[in-house]
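Here the structure is laid out as structure tokens; the discussion comes afterwards.
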Amino acid sequence: MSDPVQIRIKENGSIRVKGTVEIIDGEGNVIETKSDFSLCRCGLSKEKPFCDGSHKDVFKAPEGLGQI
């Protein structure tokens, strides 16, 4: 049995995914399988849906969203 996937919302940063997941498009097709990566939540990444660090100096999460 594999370890459960963990999703961590980083305060003023990305959504960190630890574990292997399938990324599925709007039609239900698996487009990629990835392990241990970050998802963009600021909208500034040029690699969406993945984080490229563009948020570092400009993104401020709404209060509480980094506290989960």
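Pairs are defined by a Cβ separation below 7 Å, a sequence spacing of at least 6 or placement on different chains, a first member in segment 18-40 that is more than 24 Å from Lys56 (Cβ to Cβ), and a second member that is of a type in the set (Val, Ile, Thr) and not in a strand (DSSP E or B); the pairs so defined are Gly19/Val5; Val21/Val5.
If the condition is being at pLDDT 90 or above and basic (Lys, Arg), then segment 14-47 contributes Arg16, Lys18, Lys34, Lys46.
The values are calculated or read from the model by the stated rules, or taken from the named source; none is laboratory data. Not measured: the values here are computed from a predicted model. For neighbour counting, all protein chains shown are included, and Cβ atoms are generated from backbone atoms with ideal geometry for every residue, glycine included.
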